[in-house]
Structures are given as C-alpha cells and as structure tokens.
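Undergrad: Attaching a single structure in structure tokens format; questions to follow.
The values are calculated or read from the model by the stated rules, or taken from the named source; none is laboratory data. All values reported here derive from a predicted model rather than from experimental measurement. Please note: Cβ atoms are built from the backbone with ideal geometry, for glycine as well, and neighbour counts cover all protein chains shown.
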Amino acid sequence: MKLRYFSHSAFEVTTNNGKVILIDPFLDDNPTSTVKSIDVKADYIILTHAHGDHIGDAFKISKRCNSTIICTYELANYCKSKGVSAHDMSIGGGHNFEFGRVKFTIAFHGSQTPEGTYGGQPAGVILTIDNVTIYHTGDTGLFYDMKLIGELNKIDYLLLPIGDNYTMGINDAVRAVELVNPKIAIPMHYNTFPVIKADPNLFKKEVEQLGKNCRIMQFGESIEV
C-alpha cells in the first residue's frame, strides 16, 4: 500500500488492489501542493470537516471520477446538495468499505462550509486497509482521549497537525504522539500559510527524543506503508 502526501492535510492512499482514497484534497488553491486536482483520481474521498482548506477540490474530483465522498452526516448532506455521491457516518461509528474499514473519531476544532453554514462535527479518521492502520487526526487540539484511541486501534501511522494557531502546535503534537503511541508519526498542516509556519525537523527531533519514530514526508512524496 502507498501513502502520498500532497501538503497541508491532503493525502492519498493507494491500496494493494489499486483502490485510491483521497483525504482532505486541498490542491488547486494550495500554494504548497505541486499536484493539482486534474492530476489525481479517486475511488473514494474522505473529508474530516467542512472548512474550505479540507473540502478543497473534493467536488470537482468526485464529479470527474464518480467518487463517493465519506464524511459525517451533516457534511454528507452538504456534499449531496452539490450533486455528488456521499456516504454519511458519525463520530464513533465505523463502516467496512470494499477497500477497508473507516472509523471517525472526535476532533476539537470547528466545521463551517465555505458558504458559512454549519458543517457538522469535525472529525479524525482511522483507516484500516491491507492490515495497516492510519489515524489522520484532522484539524484538532490535543485531547486526552487520544490515549484511548491509540490503545483500542494500535495505530501504525499517525498523521497529525503541528502548525499551531488553528490546531496543535509542536509541543502539543509531541504529547499526542506519546498518548497515541504509533509506530510512526507524520507531521501535517504546516507551512501552507505564514500563520501556520512550523519546523517539522524540530517536531521530529522531539519525537525521537521520546524514543519514538517520526517520518517527515516531503510535499508530493509517496512511501510504502
């Protein structure tokens, strides 16, 4: 299975049987992404919340590729109003799809659509695909239940924000790594805009001082997981 990082919170997962899942595909208006929406395909798109830098190009990709969008109930209704297919879920719920299992977790943030309407609860997402478990925390502050999430799900890859201002900064993100105890931590949601400027190498250094593993993915990079 391959994990690709576009930048910000946008990732692509390609399963061993070729299914492609995008997470928060903010590409065309993302100044740090060298990949644009026309360059990607998707069988499924997962959205963590309704902010424009996370919905991104989900609708245009979904319409072009006939992708199903997976998200929380209120956001799914918003997606359907835009003429795309959506599978609605809720926090704490899981569902088995053809590519693997999706489960949504709490995330402490906001969720407002680009039009200013309520976008439902923000979420993190746990993906279990090809015997690998990935926890994309979404945009969130630090919360202690991350420890329980880690204990219950045995996380292989933890994707978490470090950019501060809107989400966890480096210090809180390091503590989140302690709580979740993943095999590998991967920083995200940084350096897209000046207000979320952060040094991923400092995050990596502090994580490794805890005796844990960190991988900084370059923008556009793919890795085998």
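Undergrad: From Phe99, Phe26, Phe104, which residue is buried (at least 19 other Cβ atoms within 10 Å of the Cβ), farther than 24 Å from Phe193 by Cα and under 14 Å from the mean Cα position of the chain (by Cα)?
TA: Phe104
Undergrad: Next up: Might you let me know whether segment 74-96 holds any residue that is part of a strand (DSSP E or B) and either of a type in the set (Lys, Arg) or at pLDDT below 95 (or both)?
TA: no
Undergrad: Among the listed residues Ile129, Ile184, Ile149, Ile134, which satisfies the condition of being of a type in the set (Val, Ile, Thr), in contact (Cβ under 8 Å) with a residue 40 or more places away in the chain and in contact with an Asp or Glu (Cβ under 9 Å, 6 or more places away or on another chain)?
TA: Unique residue meeting the criteria: Ile134.
Undergrad: Within the group Ile46, Ile91, Ile70, which residue is under 21 Å from Glu221 (Cα atoms) and aliphatic (A, V, I, L, M)?
TA: Within the list Ile46, Ile91, Ile70, the selection yields Ile46.
Undergrad: Next question, about the same structure. Could you check segment 212-225 and list, in sequence order, the residues that are free of Cβ contacts under 8 Å to residues at least 40 places away in the same chain, over 19 Å from Gly138 (Cα atoms) and touching a strand residue (DSSP E or B) at 6+ places or on another chain (Cβ under 6 Å)?
TA: Asn213
Residue by residue, here is whether (1) more than 24 Å from Asp88 (Cα to Cα); (2) at pLDDT below 95; (3) touching a His at 6+ places or on another chain (Cβ under 6 Å); (4) not basic (Lys, Arg) holds:
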site	(1), (2), (3), (4)
Glu12	no, no, no, yes
Val20	no, no, no, yes
Asp24	no, no, yes, yes
Asp29	yes, no, no, yes
Thr32	yes, no, no, yes
Val40	no, no, no, yes
Gly56	no, no, no, yes
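Undergrad: Of the conditions (1) among the small types (Gly, Ala, Ser); (2) crowded, with 17+ Cβ neighbours inside 10 Å; (3) under 20 Å from His54 (Cβ atoms), Gly150 clears all except one; give me its number.
TA: Looking at each condition in turn, Gly150 falls short on (3).
Undergrad: Within segment 46-63, identify whether any single residue is in contact with a Lys or Arg (Cβ under 8 Å, 6 or more places away or on another chain) and in contact (Cβ under 8 Å) with a residue 40 or more places away in the chain, and answer yes or no.
TA: no
For (1) surrounded by fewer than 23 Cβ atoms within 10 Å (Cβ to Cβ); (2) within 16 Å of the chain's Cα centre (by Cα); (3) in contact (Cβ under 8 Å) with a residue 24 or more places away in the chain; (4) under 23 Å from Gly52 (Cα atoms), each residue gets a yes or a no:
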| position | (1), (2), (3), (4) |
| --- | --- |
| Asp139 | no, yes, yes, yes |
| Tyr144 | yes, no, yes, no |
| Thr167 | no, yes, yes, yes |
| Tyr190 | no, yes, yes, yes |
| Lys197 | yes, no, yes, yes |
| Phe203 | no, no, yes, no |
| Leu210 | yes, no, yes, no |
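Undergrad: Could we say that Asp199 is farther than 17 Å from His136 by Cα, out of contact with any Cys (no Cβ under 9 Å at 6 or more places or on another chain) and not small (Gly, Ala, Ser) here?
TA: So Asp199 fits the description; yes.
Undergrad: Right, another one. Return the pairs, sorted by first residue and then second, in which the second residue is charged (D, E, K, R) and surrounded by fewer than 16 Cβ atoms within 10 Å (Cβ to Cβ), the first residue lies in segment 73-98 and is over 14 Å from Lys60 (Cα atoms) and in contact (Cβ under 8 Å) with a residue 40 or more places away in the chain, the beta carbons are less than 7 Å apart, and the residues are 6+ apart or on different chains.
TA: none
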